[in-house]
1. For the stretch 39-52, enumerate the residues that are crowded, with 17+ Cβ neighbours inside 10 Å and either over 17 Å from the mean Cα position of the chain (by Cα) or under 10 Å from GLY67 (Cα atoms) (or both).
2. Just to verify a result, which residue in the stretch 1-30, among those that are acidic (Asp, Glu) and in a helix (DSSP H, G or I), is surrounded by the fewest Cβ atoms within 10 Å (Cβ to Cβ)?
3. Which count do you get for residues in the stretch 66-86 that are small (Gly, Ala, Ser), crowded, with 16+ Cβ neighbours inside 10 Å and either within 15 Å of TYR6 (Cα to Cα) or not assigned by the TED database to the domain that holds LYS17 (or both)?
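The values are calculated or read from the model by the stated rules, or taken from the named source; none is laboratory data. Because the structure is predicted, anything quoted here is derived from the model rather than measured. As a convention, Cβ positions derive from the backbone with ideal geometry for all residues, glycine included, and neighbour counts pool all protein chains shown.
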Amino acid sequence: MAGKQYGAAAAYEKKLKRVMERFKVTEYDWNYDRHGGYVDVTYMGEKYRFEHTVAKAVEKGQKISFGSDAFAQVVLALEALARLSERGIYDFGQLSQGFKMLPAAIVIPDFFKTLGFAQIPTLEECKNQYKELIKTAHPDVGGSVEEFKKLTEAKRLAEDYFKGEQNEFS
């Protein structure tokens, strides 16, 4: 296992503060743990995330094993971006367009998955899918009672979801 490659994390926390001042950024957040680190930045109303992990570093052949070292690499990369911007090579706004934070992933409730959906469907799609699945799952046509109950419960939960009774799912 590789040893610590960078200095104390506190030094990079201070360096990050100075880098953010160079960008004139007042709204930012950061964290690191044993797996990696990130810096979230709000620049000109847009949110950006700069993230690195020990696993990503190892994939690229870097010999780090501390999350604080991954955090240090993020801070050093941001410092290099600040230098590019200050020298007029590239504006940070232009450079950072590829780093915008993506919206959080939408969680698909299990009852939709039971009905065979990979994304949230409409109520009509749920009803149609249920009708198709139940044709082979019903015990009278050779399906199992368990599968029939599972599909029927999924349909009920889907209907409740669309009625706005999904408090436990939102």
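1. Once the filter is applied, which keeps residues that are crowded, with 17+ Cβ neighbours inside 10 Å and either over 17 Å from the mean Cα position of the chain (by Cα) or under 10 Å from GLY67 (Cα atoms) (or both), the stretch 39-52 yields TYR43, HIS52.
2. That would be GLU21.
3. 4
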